[in-house]
Structures are given as C-alpha cells and as structure tokens.
Amino acid sequence: MNFKDRDILTTVDLTREEILKIMQVSADMEAIVRKERVSSLMSDKVIAIIFLEPSTRTRLSFETAVYRLGASPIIVSDAKSSSASKGEDLADTARTIAGYVDCIVVRQPAIGGAGVMADAVDVPVINGGDGAGQHPTQALLDLYTIQKEKGTLEGLKVAMVGDLKYGRTVHSLSYALAPFNPEYIYCAPEALRMPEHIVSKMEEKKVPVIQTDKIEEALDADIVYMTRIQRERFDDTAEYEKLKGSYILTRSLVEQGNPDVSILHPLPRVDEIARDVDNLPNAAYFRQAHNGVYLRMALLALVTGAVS
Amino acid sequence: MNFKDRDILTTVDLTREEILKIMQVSADMEAIVRKERVSSLMSDKVIAIIFLEPSTRTRLSFETAVYRLGASPIIVSDAKSSSASKGEDLADTARTIAGYVDCIVVRQPAIGGAGVMADAVDVPVINGGDGAGQHPTQALLDLYTIQKEKGTLEGLKVAMVGDLKYGRTVHSLSYALAPFNPEYIYCAPEALRMPEHIVSKMEEKKVPVIQTDKIEEALDADIVYMTRIQRERFDDTAEYEKLKGSYILTRSLVEQGNPDVSILHPLPRVDEIARDVDNLPNAAYFRQAHNGVYLRMALLALVTGAVS
Amino acid sequence: MNFKDRDILTTVDLTREEILKIMQVSADMEAIVRKERVSSLMSDKVIAIIFLEPSTRTRLSFETAVYRLGASPIIVSDAKSSSASKGEDLADTARTIAGYVDCIVVRQPAIGGAGVMADAVDVPVINGGDGAGQHPTQALLDLYTIQKEKGTLEGLKVAMVGDLKYGRTVHSLSYALAPFNPEYIYCAPEALRMPEHIVSKMEEKKVPVIQTDKIEEALDADIVYMTRIQRERFDDTAEYEKLKGSYILTRSLVEQGNPDVSILHPLPRVDEIARDVDNLPNAAYFRQAHNGVYLRMALLALVTGAVS
C-alpha cells in the first residue's frame, strides 16, 4: 500500500486497509500537532490550494494543515481573480501550476473537474470538492471523527438526518463506512430522501438500512449525522419552513436518545442543531471540524511521500 | 500583569501599567526586527486573520507581524468568500477556527462582534476593528508612535483635527492617552464636533479640553492628529467641499506652528494633508503606519504567551 | 554591475551584460530548487505582492518564488479589498507598505504606476505588469526559456505570431532580445500588425525584420512565439472568427516547419495552439511558465541583495 504520488479524488475506490492506514496517519499527525504545534515534515514543499468556489472552512483547514506540516501554500481563493476568467481550461491551469508546486488541492464546481486536472499532471491532486460530485476529505474526516468518538469504525449504528437527497456528505459517508459493518438509519422528509441508487448499493453491500421521516427514530444510534435543509431546494417557502422545523435537533430530543450518541454535522450549521446542544459532551461537530486539519495533514504527507 | 490568553477587544479597560508594558514589548519587537528582520519567537504558532471588511493596511500590518514573529497566517480577506455567506454566525465561525489556530485576529462590521467571538472560544481574540466600535490596535500604535516621537506619553498637548464625530481613532486615542495627563484640543467643524459624552468623560478624568473650529489654534500642540472628512457624512456636497478646505494641513500652516510638532494620521489620507508636508521631519504618519507592525507583534506575542 | 536596491520596471534599459547576469542567476536558482526544493537564502525577508489586477499565473509564480527562497509574502490579490477603494494614491500605498517589507512586487493597470511607487520608496520595486505598459518579468522569463531551449540567446530567428499590435509580451521580447543579433518574423493579420514605432526601432538596431500575414512563413524559425487574438479587439465578431482561424498552430503546421522549432506562448491559451501540439517536444510553453519561478527568484534575490 503506497500513497506516494496518488491522487485523492474520491473515497469510493479506497479499500478498508487504505482507510485504516489514513486513520492511523491522521492520529500520528494529531499527536505531532499536540506536541510540537508545527512540524518540519514538509518544510521543503510548496502546495497549491486552488479554490474556485468559496469554502472558508475547507480552505482554512487545508492551509492550517500545510503550515503545521512546515510547508508553504500558494492560494487562489476566488474564481474571479483567476485565469479561468480569461477562458483557460482546468487542464492548462493544472499543467501550469504543477510546475510550481509539489501537490495541488482543488475545489471547483464541475463534477469530475479534479480528475481532469489529475489526468493532466504528474504531481498528486487532492479533490477538495467538485460540485455535486465528491468531497473525499470530508468523508475521511467524518470517519476519523467517528473512530475518535467511538474508539472504532466497526459495527456502528449511524443515523443520517435532514437533506439526504442533495447532501453530498451523507452519500460519501454511506460509501466510506460501508466496509465496516454498519447499520444505517436514513431520516429525511419524503422530498429529500436518500437517492434510491445509494439505498440499493447499500443493500447490495449487505448494509441494513432503515428509512424513516421521524427524527425520534434516529436517536438511539451510536452516531447522529445532521445536515442542513437548504431553502433553495424548495419552490414553496411555506413547505420549507414546515419541514425544516421537523428536523431540528434539540436538547430534549438528545436527552431522550442514546446517552452515548455522538452528534456530527459537516458545518456550517444554520439552526438545525439548537445552540443548547453545543455544551453536551455528545456534541462532536466542532471536534469534527478540528479533525479536518489532522486528516488533511495525513493526506498531504502521504501523497507527497513525506510519510509512508 | 499577565497578558497570556487575554483578548484584546478595547483599550478602555487597559491600565496605565498595562499600556506601558505593551509599549515596552513593542520597542523590544522593533529592536528584534531591526536586528534580525524575522525572528523565531512564534515559529510554532498559526494565527487566523479574519477580515470580513476590507482593510489592506491593518490586514497587511498584522500579516507582516505574524511573519516577522516566525508564525504562519491563515487569512480570510473577503466577506463574500466566507461561510458567513452560508448564514453561519460569528460564534460558530470562531469555534471552528479556534481549533485550527493559536490566536484569532478579526475585523468585522458589527459593534461587539469581536467580543462575541472571544466569548465563544478559548484561544485569544484580537479585535482588528468592529465597525463603529473599537479599533484597539490602532489606538495602541498611535500611543507607541507618540512615545517614539516625543520620548514620553506624559503631559502632552494633543490636537485632534477634522471629523471628530465619526472618527473612531480620535475617540479611542482620547481614552487611551487620558491616564498620562494630557491636554486636548478638539478642532472640528460644528457638524463634526467630538461627541458630548466623550468630552464629559474627559472632563471627569480631569483632562483639560479646548474646542475650536479653527485649525490655526491646533498648531501649537505637541501632536496634531489629522483625520479624513468623508464626503459620505454630508447630504450637501457643496457644504462638504467648503468644510473640507478649512481642515487641510498645508506646509505654511505647519511652519506657523510649534516647530517640534509631530503630525499623525491613521491613513489612508485623501488630501487633508498637503503632499509638501511629507518631507518635513514633523510628518510622522508613515512612521506611524510602520509602527503598527511592532505594536501588533507585541500583542500577538503577549496573548499567545511567546513573551511575558 | 550591482542589482541590490534596484527597481525592475522595464527591460528597455537593461544591458546585454545585465541580461546575461540575470540569466545566470536564474539558472543558479533553478539548480537550487531542483536540489533543495526550498532554500533559506531569503528567510529573513518579507515581500509584498500587490496585485490590483487579476493575474493568477504571474501572482502564483511570484509567491512560489518567494516561498522557494525561504521568504514570506504579504499579498493583495484583489483591487476591491484594498485601500485604493478609499481613494488612496499609489505613492501613499507604497510608502506605507515599504515600512513592512523588504521588496514590493506590484501589478496595477496604470502605465507607469510601478514607477510612481518606486519613486516614492527606498525598498526595491518589481513591476509585475503595468497595464498596456511593461511586463519585464515576462520578457525576461521568455529570454530564459529561449536560452534553455536553444542553448544560447545569440543569432536566433524568432517568429512572433498573432496579435502583435496589442500583445505586450511581443513588444517587450522584441526589445529584450535585440542585443543578441536576432532576426524577427512578425506574422499578424493586417489589423493587428506590429506597431510601426517598434519596427522602426528594430531597423535602427539593425535587426532584420520580415512582416507577413501567413503563419506558414513563420514556421522555419528557431522560436515561434504564439499569442492570443482577443475577441474584444474586434468590432465585428465575424471578422474575429475568420482571422482567429488563420492563426491557429496545429500539429500538421508544426510538422511542416523546422523540426527543432521551440514553441512559446505567454499563456493562458484559448485555442490558438491545438491541444495535440502539447505532447510534441517542441511545445515549450508549459516549461516557459515554470521558468517564471526561477527568473522571479533571481530578480527577488538580486534586488534584495540576497545574491550578487
């Protein structure tokens, strides 16, 4: 198993052993940060962070990872200031930047765009989100968080709540955790149910799936993964307001459920988790965000060969 | 007196001794920069610089301070590219970023916004300007400049000229210098006079205050602190043009006043200081801007515990 | 010959010996990057990179150069977030930033703007492009590329193709290469011919010049320098479409010409070089982009005195 020079475009093709390796290196990175704060593991590396769509959280997390590895980032954080505005295509952009840096991290809106860039260059490319496509570093940091919160990835009951139709993170999580013998509870309003092709795929993988539209039925899980229900998915604002209210995780709901439940959320949250949940030990969503730094350090170090 | 882990949200609550300590550490930082250019005092630190309002000068000055301390900055320089555009609140933004970094510097438009962020997190927060509220690093660099130019903060006659109503810097300076036995000359057009609550507060603190609308009466001070009169404060453009002309500091005005006067300005200037003043030794405003780096280094080093 | 503290505003005033020196230091920098990836030559320096116009390629290339020299960049990548939006002039911006950093790199739209900034400050200023004016680092990286591809700058036949009227890079290249006994083929449609003042100047310098509107006549050169023909130069879109098609370099055209031709392009390309040319050994344009890092490292190191 060798990650050097590999592109990280999706989690779909990662084996169980590869995922566990990434978890181990993430834990090593966390230990380094807790001890040294900034290491010199990659002090000879320059990393391109090309964000042609806004995403403060993911971008800053990657930048922090770069700095805590002792590397240096060159950054595009705005589509308008880029050569894209002069009509350049992704492959040419990649070919140019590949000569500057040791690795390219890219977020852009076209499904498959990160793959186009990866095909054009020799340096490794990490997909930081390609529109409605993949967001592998989010899925992997979700796994790393689950492992830290529960002590294992094995045999967990995981509820996913909210917008399961458009919520990219719950699709990726379903796939990424499938090799570890989970049970899934998919909890969504009718209009935002998990797409049938994913449900079938899980059945094919022998993952037990329960579907429900009642948040109460999600709360005895080991993990409750909340997502935002976005206004722009609805033609009818009244319908949105009604549905949204039914998928808000309140403190009293948490207190009715599994006392050891860990609550995750990809953030940013709007109001789907009540503020008074934040201080419960079950609230893992800010820890989850922080884990993104260690996971991204692990991937950067693995694909550039700084660790193996 | 311990600054480690303290938030710097305002100068109003700083004691005379605390201000003098900050002045001393700023001088230490200036000595380090003059000798080594870049130190390794904070080479294990990552600092978040979150600017949700444009401010090149303050932002670049903080970034320079971070680099000259050997630290690394993660930067948001644009409200539009941030999670704020997805509806996230300041407290959640702070809680997420706090897990990445060792200190947060923030400029944003809501009065009290930096305090909201400081309340949400354990890492220290430095207010880089909260709209019409506070801008403590500007006030402190003004003090550091005054001390360098005059050799002391004690017993100085300080004239403030221009827009004293909306000019945040002259409000903060009035408070920050008050413990050092100053006299103030407030020189402004009728419509832009210093707010009454500040004048009363100074009288309460036994600071002698003279109010005038004639710039000639400001020029025998030790310090003349100029500010911009902004067009957008006036409904009537003709009124603006007339007033503006009365508060322009020209070379001949400077030559009529105290030959040792030091002229300050928070910059950017438009035309309230004539260009031919720039080469006079009295013109301290570019030195003042440069002092911002040393003062901000001092605050970053103090609150992160890199110096004590 | 001493470059320390010199501004790099244009290539017009560089002597043959100065150009050769820059070529030599660029090669030294390339050797350092190939061996160490990141050096510590300028680890005590902070560099301002002020881009008031979008230009990802040039900006990221400068930033990479800064990092690979071990220095730190403070960056403005967006005119809107700058003090310029508060009405500050370039000289004041320069005077402020000069107190933060060891060198200023600036791209802005006004012809001569970089010179205005250079006149205002003591730190060296490098012009990263001043609108329709000069772009000296592009011209010098073109020379460095030519020298690497051909082994010499001496006595080459150089064809420039496309928009020679508005194409700033071909103007600068004409001047920069003139001391090295070249021949030029200027190949452009009637409406976009090389300006007469440049043609006369070349004749004055005894450079043989051939003008043509047929791309076939350009292909026996040692170097073919392609440029974009921009839609916005034409009132008549049909005229644009017709002309554009006549200045596309295809693989079959390349195969009819000098088998050792090196093809350059300042990038970004739209479609004036067919994609199937990219894999020919003659296609030097991505190598050319990558050379920008070494050339810019050389200039930064020379003007700050890090090398001499």
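Listed values, structure above:
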item: Test: residue in the range A:229-236 that is surrounded by 21 or more Cβ atoms within 10 Å (Cβ to Cβ) and touching a strand residue (DSSP E or B) at 6+ places or on another chain (Cβ under 9 Å); result: no
item: Filtered residues of the range B:39-60 (kept if assigned to a loop (DSSP other than H, G, I, E, B) and within 14 Å of chain A (Cβ to nearest Cβ)); result: B:Ser40, B:Leu41, B:Met42, B:Ser43, B:Asp44, B:Lys45, B:Leu52, B:Pro54
item: Some residue of the range B:106-126 being surrounded by fewer than 23 Cβ atoms within 10 Å (Cβ to Cβ), more than 30 Å from A:Ile229 (Cα to Cα), at pLDDT 95 or above and of a type in the set (A, V, I, L, M, F, W, C); result: yes
item: Residue in the range B:71-78 that is touching a residue at least 24 places away in the same chain (Cβ under 8 Å), of a type in the set (Val, Ile, Thr) and over 19 Å from B:Asp102 (Cα atoms) present; result: no
item: All positions within the range B:168-193 that are in contact with a strand residue (DSSP E or B) (Cβ under 8 Å, 6 or more places away or on another chain) and under 19 Å from B:Gly245 (Cα atoms); result: B:Tyr186, B:Cys187, B:Ala188, B:Arg193
item: Unique residue being among the polar types (S, T, N, Q) and closer than 17 Å to C:Val12 by Cβ when the list is C:Ser246, C:Ser172; result: C:Ser172
item: Residue among C:Arg68, C:Arg37 that alone is under 30 Å from B:Lys35 (Cα atoms), surrounded by fewer than 17 Cβ atoms within 10 Å (Cβ to Cβ), modelled with pLDDT of 95 or more and not assigned by TED's automatic domain parsing to the domain that holds C:Leu267; result: C:Arg37
item: Positions within the range C:40-65 being buried (at least 24 other Cβ atoms within 10 Å of the Cβ) and not hydrophobic (A, V, I, L, M, F, W, C), in sequence order; result: C:Thr56, C:Thr58, C:Arg59, C:Ser61, C:Glu63, C:Thr64
item: Neighbours by Cβ (under 7 Å, 6+ apart or cross-chain): first from the range B:227-252, touching a residue at least 12 places away in the same chain (Cβ under 8 Å); second in a helix (DSSP H, G or I) and of a type in the set (Lys, Arg); result: B:Ile229/B:Lys244
item: Count of the range A:257-275 residues which are surrounded by 12 or more Cβ atoms within 10 Å (Cβ to Cβ) and either among the charged types (D, E, K, R) or free of Cβ contacts under 8 Å to residues at least 60 places away in the same chain (or both); result: 12
item: Selection within the range B:1-26 - surrounded by 15 or more Cβ atoms within 10 Å (Cβ to Cβ) and part of a helix (DSSP H, G or I); result: B:Glu18, B:Ile19, B:Leu20, B:Lys21, B:Ile22, B:Met23, B:Val25, B:Ser26
item: Qualifying residue in the range A:279-286 (condition: within 14 Å of chain B (Cβ to nearest Cβ) and more than 19 Å from A:Ala159 (Cβ to Cβ)); result: yes
item: Selection from the range A:192-228 of residues that are assigned to a helix (DSSP H, G or I) and exposed (fewer than 14 other Cβ atoms within 10 Å of the Cβ); result: A:Glu196, A:His197, A:Ser200, A:Glu203, A:Glu204, A:Glu216
item: Looking only at the range C:129-150, and only at residues there that are touching a strand residue (DSSP E or B) at 6+ places or on another chain (Cβ under 7 Å) and within 14 Å of another protein chain (Cβ to nearest Cβ), the one that is surrounded by the most Cβ atoms within 10 Å (Cβ to Cβ); result: C:Thr145
item: Candidate set: the range A:244-298, residues that are within 19 Å of the chain's Cα centre (by Cα) and assigned to a strand (DSSP E or B); chosen: the one farthest from A:Lys21 (Cα to Cα); result: A:Ile273
item: Candidate set from the range B:91-119 (those that are of a type in the set (Ser, Thr, Tyr) and in a helix (DSSP H, G or I)); member that is nearest to the other protein chains (Cβ to nearest Cβ); result: B:Thr96
item: Residue among C:Val254, C:Val224, C:Val277 that is out of contact with any strand residue (DSSP E or B) (no Cβ under 6 Å at 6 or more places or on another chain) and among the β-branched types (Val, Ile, Thr); result: C:Val254
item: B:Val101 vs. criteria within 21 Å of B:Asp78 (Cα to Cα) and in contact with a Phe, Trp or Tyr (Cβ under 6 Å, 6 or more places away or on another chain); result: no
item: Filter result for the condition that a residue is more than 17 Å from the chain's Cα centre (by Cα) and farther than 25 Å from C:Arg287 by Cα, over A:Ala159, A:Ala91, A:Ala110; result: A:Ala110
item: Of residues in the range B:168-191 being touching a Phe, Trp or Tyr at 6+ places or on another chain (Cβ under 9 Å) and in a loop (DSSP other than H, G, I, E, B), the one surrounded by the fewest Cβ atoms within 10 Å (Cβ to Cβ); result: B:Pro189
item: Within the range A:151-164, tally of residues that are crowded, with 17+ Cβ neighbours inside 10 Å and outside any strand (DSSP E or B); result: 5
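The values are calculated or read from the model by the stated rules, or taken from the named source; none is laboratory data. These numbers come from a predicted model, not from an experiment. Note: ideal-geometry Cβ built from the backbone for every residue, glycine included; neighbour counts use all protein chains shown.
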